[in-house]
1. Restrict the check to the stretch A:237-257 and report whether at least one residue is at pLDDT 95 or above, more than 14 Å from every other protein chain (Cβ to nearest Cβ) and within 33 Å of the chain's Cα centre (by Cα).
2. What strands (runs of 3 or more DSSP E), lying completely within the stretch A:800-842, carry at least 2 residues that are out of contact with any helix residue (DSSP H, G or I) (no Cβ under 9 Å at 6 or more places or on another chain) and within 14 Å of chain C (Cβ to nearest Cβ)?
3. How about the stretch A:243-258: which of its residues are surrounded by 24 or more Cβ atoms within 10 Å (Cβ to Cβ) and closer than 23 Å to residue A:402 by Cβ?
4. Of all the residues that make up the stretch B:140-165, how many are within 16 Å of ligand 5 (Cβ to nearest atom) and in a loop (DSSP other than H, G, I, E, B)?
5. Consider residue B:71 against the criteria (1) crowded, with 23+ Cβ neighbours inside 10 Å; (2) over 16 Å from the mean Cα position of the chain (by Cα); (3) assigned to a helix (DSSP H, G or I): it satisfies all of them except one. Which criterion is unmet?
6. Checking residue C:89 against (1) modelled with pLDDT under 95; (2) farther than 24 Å from residue C:185 by Cβ, which test does it fail?
7. Restricting to the stretch A:921-945, and then to whatever is loosely packed, with under 14 Cβ neighbours inside 10 Å and over 30 Å from residue A:83 (Cα atoms), can you tell me which residue is farthest from the other protein chains (Cβ to nearest Cβ)?
8. Given the residues B:103, B:124, B:98, which is the only one that is more than 14 Å from chain C (Cβ to nearest Cβ) and more than 26 Å from residue A:221 (Cα to Cα)?
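The values are calculated or read from the model by the stated rules, or taken from the named source; none is laboratory data. Just so we're clear, the structure is a prediction, and the values are computed from it rather than from any experiment. Cβ placement follows ideal geometry from the backbone for every residue including glycine, while neighbour counts extend to all protein chains displayed.
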Ligand SMILES: Nc1nc2c(c(=O)[nH]1)N[C@H]1C(S)=C(S)[C@@H](COP(=O)(O)OP(=O)(O)OC[C@H]3O[C@@H](n4cnc5c(=O)[nH]c(N)nc54)[C@H](O)[C@@H]3O)O[C@H]1N2
Ligand SMILES: Nc1nc2c(c(=O)[nH]1)N[C@H]1C(S)=C(S)[C@@H](COP(=O)(O)OP(=O)(O)OC[C@H]3O[C@@H](n4cnc5c(=O)[nH]c(N)nc54)[C@H](O)[C@@H]3O)O[C@H]1N2
Ligand code: SF4
Ligand code: SF4
Ligand code: SF4
Ligand code: SF4
Ligand code: SF4
Ligand SMILES: [Mo]
């Protein structure tokens, strides 16, 4: 019988791996810890590292598909030099020596003459601590990463308001929150932590409310979905504030203790001091002390400050607490729920109910932790008491031209409820909080840039007033992207989305070399893609390219590769050293600071080099300070891993905070430790410093935490960090617009600056909405959880999940427009039109259509077949999104310069013709030497001895 | 072998999937693919992996549905894999005995050495849990990660299916649904876990936990405070607050 | 369900073959057919050939045809296995019966009876492969078995009639047999189609997902953007208009015309009768093939409920 049906040979206890190595995932910027199982030198399995603070053992779809990323046929194999016209994709392979000589030649010329002519911009960055430092050493202010088009609105609004931010600088208290309000998040950078957190939160029965025009992903599991009209959240939040103020359901104690609510604001209209804080001669802000009935030191622990009233200062001027300004503003009927309902499409009844729920949970369900702690003034508290309302927000807020203010409004709402860094609320992730705003100013002013010189200071930072701007005497921007100019005074992350246009236009000046890293800037990170491609290839009357040189480092055959003159092929994330540094975008969680490394777990089979090694190598060739010894030899001959261990940013502070000190015994700060990387590897490639229980909340005012933070260089002093409901730097810019001070905006920007630099949050309709007559619908994108921007499409497994994208249209809207499921339609904006296939759905705001981001690919790229669905049925909305408005002004937030992707307005109509998406661009050839993709993938067969 | 076990054991290993918290991230599906590509049923062949008609073998696929109309409805992400049914026809229809249900734990497997690739079992599975590997000419399916759950070379905590250990929201649970006292059985009881297509009588072992419907918190409406109503912002005037 | 050529040919050809063999046996037992070697050679050749070709074709559907013998092992539970066993077992009496007839010029009553039993049992087994599949409403119903049987006999009868006329044998009942079987077959098919059009599977998107308590369930996104094995195998859809046309074709060209031709042949001379019955057989068999194509193409599998179908 056993011959007829022989038993199955199930091997229950196969040994999966010969070796398991830990490292850090980089299928996205969440940076989870992974364990890579290797069998016969091949990748057998990648799993989450259970000990890792970020992902605690779980992995997302992308992380689980790392094997296919590593084996992608789109991997570049050797440096490439352009042979055909730019954009044609015609290259020849060259040796590294030639590539580096070429680059050094171009760059050395620039540095000798005018370092600003190098624009160095990086995209999916994780090495900003290195690249920013390199740019300073080179001497160019024209450096930034992608934050300007990503989420600078969130970062800036947070850092100027609470000294922290959503994004990667803070997180909800997943353990204790009872009510969680989430605005405009599809996935976010903390992919796995948010998912882990939501699971916990819902498991505990807390209520989760998602404000989002689209009901998918996180919003799908929300206990309540609020399908707001895009770009109107600010109004919604301000109406909530209105309701809470009216009912007097705000945490006045919290406001007085931790915020600038009681700080006196000078009321002297028409003068240069109007709207600024009243300060004593040491510059300390003043309040009205009700105990002494006199002006008092607002920073002193001894005062009993008033929140309302009109007071007279010693100099005779009138002043009122900033809270009064706030209350006056938002108690106004202009912010009543009925008004907000008209704007947001959310009923007044719902707004009232949400306000009531927030108040109920905040004030009747307080969380008390039996953890004694000491505040900044040395006062002991027996417990930690919190109001368990948590909030989180991301690009649904930031990617609008009113995002800075909307995000500020959300932070104001949190603060009024007393939920910042309290049990159950929003929690800072070290190294945050930092003073609001952090005390780093951007370098690059006239005089700070000189031939052959390093720049004294970092290219990016936080401006506190007109005097910090990087502008010439006549107001002309100093930077190629016009960051920190009157166009975008608080452009804390630079404005990568303006670089190509400005470089092409020679505005404010022409550049020589555009050096980019890890950014698909001719495709999914471009606004107005067709025009961007044209600018990259445009020539002047002499026949020379208007952007003379483009150097680009990518690991894969992306769309952008074809636009480079010189391509520097990078390694994949499993082949190199990397550093997830506290100096950069950290992976800490609220309970402790953490950083991590990536170690090479497999050796490249191609002639590629880690970009960080290449950058340091170029630095040596250019003789950049800090990268060479006095004799000109390399300071870090071992390359990036050598730099990671030995480079010190400040004495005792380096790229990695763990196991410092010669013997590895210090945490956070200490002398370099030659064995540091080994210690990391032994620990699973990460380091975490867990905060003591009494340091975990009230970090902005927690003596013990602040002392620790100072000791490791997170903050400069142990002074409490005061939350800034009223943002004085905004008023300083506004005063300049009103004609005060030496640095004033050009006349054409005066009115705009005055309007948008309101020290209290405001709501205004996004610019595109106001001007785009005849385009009644908003068009949005969302991050698919199983795809990372453009780079997941080369992945044989992930592309099966998202090989093409649909345009999602509300069923009611579809009925109105006579559009059925599976129809093809034109999506038209003022820039042009895109053809796409429809999917009808119920869970979407009636005036909104949306699609998954970055699924559409240009034919011939990413190692895919020319007729792959990504190019035939995939599409980008980017073709329709302007980087400038119809009137030529930036399509951006006027405060930060953040790109307003989600302000796109469109109309739709049925399309006929073949079922192929449009526009189609000329198919690109595979780079020379590229592997021919296989037609049959039987990965894994060898592990079971099958062929 | 192809008949169902004459005396099935009490143990019924299976999954419990919580539709209330599944965010549809596909992590379970991809991690399943990754593990099983080199596991018991290796490989999970992909046809035309970089081309126009990409099509691969997956043991777990995540669908998305909308239930109910417009704003009153819900979007539900819905992972679908073999339910290791108690009385599945996928086993009994198999002419070769390649498809079988293990008496000791109820896991339904395919023997790749005897399967003739007639596809009948895939027709007999109402749930679409069977995947034909064209290149190997045999049927494949979720093995409940049989090469993990008993794997003595692995740490005890790792001996759960790949999809369970990787799910970021913990929407997937693994255990013995034959034991009413097990965690999974309790969960099913507490949350009214249900069967898919019970009308067909396959008696799936895997259970789904239903999405909970929108919660309206019973918060008392906010009433304007008398003070604020009367005095506006000056209501805050008289408070003695200390820093 | 995907109408695979190999399977359509298998069920149609072997059904016809068994029908023909069974009718030969029945005709012989009833004394309507005498054991003439020429006729026998052709009739058995055709019958056994159709059965054999059908079985071979079914192997073409397998991923591992070389392991096909394994399919004989699970007759205790599997209709497919039973079908295989029955098919092979039927060859024994059929060959004996044929041997007596062709070589011995005589009829073995025992072999004839066993051939009839074998043919009927095998055809029922074939039908039961489909009729037992709970996920396919169009198959798991009381119509499937009778249709397989009657259509097998009908097509068998058409070919028998052709041979009878070609060999100018005297079998007056054969045209009537064709007509009766044809009428029965078309009645069954019409009943079946009415049943299909009226009824739907108990399973719905709501029961498939269990989300019916919330409301109507619609697919938002399939798991993968390109179609997979399940969709290609189970998700075949035929347009309503197309299937209506094909149904009409089956009724008219597959049943109506062959019946008329057969009756006409009965009253014609040998030459024209042979021609007419050849035309009838070809048309009728084509009708059966189209009918079989529809049997698959119109069948909906419950798995499609997960891929956007509103019913199964
Ligand atoms: N319509 C629309 N457009 C958007 C957005 C949107 O929401 N909607 N979002 C915007 C936002 S927030 C962002 S951040 C951008 C993201 O857009 P990009 O920054 O362009 O991100 P990716 O598409 O991931 O491209 C990064 C490039 O890095 C390359 N790469 C991947 N791994 C490596 C590596 O290890 N080394 C090197 N050297 N290169 C590598 C990839 O091949 C790819 O070419 O998109 C923006 N564009
Ligand atoms: N899997 C995956 N993870 C990623 C990325 C990826 O590509 N893939 N990219 C990473 C990057 S660079 C970034 S910047 C983050 C971004 O992470 P998210 O902020 O989650 O980015 P988006 O997908 O742009 O999500 C924006 C959400 O806001 C909603 N929305 C749009 N407009 C509005 C509005 O006006 N109001 C409200 N309330 N909601 C609105 C959209 O429907 C969408 O759900 O994700 C990071 N993580
Ligand atoms: S979220 Fe996913 S892709 Fe991103 S780092 Fe973590 S496992 Fe990797
Ligand atoms: S889900 Fe399908 S394959 Fe799995 S046991 Fe049930 S019937 Fe069989
Ligand atoms: S495909 Fe294989 S497992 Fe399925 S029924 Fe046929 S022989 Fe059995
Ligand atoms: S139990 Fe294993 S084989 Fe089954 S779906 Fe989960 S990971 Fe895949
Ligand atoms: S991993 Fe978990 S949350 Fe993600 S799709 Fe699977 S079950 Fe749902
Ligand atoms: Mo981003």
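1. yes
2. Of the strands (runs of 3 or more DSSP E) lying wholly inside the stretch A:800-842, those with at least 2 residues that are out of contact with any helix residue (DSSP H, G or I) (no Cβ under 9 Å at 6 or more places or on another chain) and within 14 Å of chain C (Cβ to nearest Cβ) span A:807-810, A:832-841.
3. Selection gives A:243, A:245.
4. So the count comes out to 2.
5. The one condition residue B:71 does not meet is (1).
6. Condition not satisfied by residue C:89: (1).
7. A:945
8. B:103
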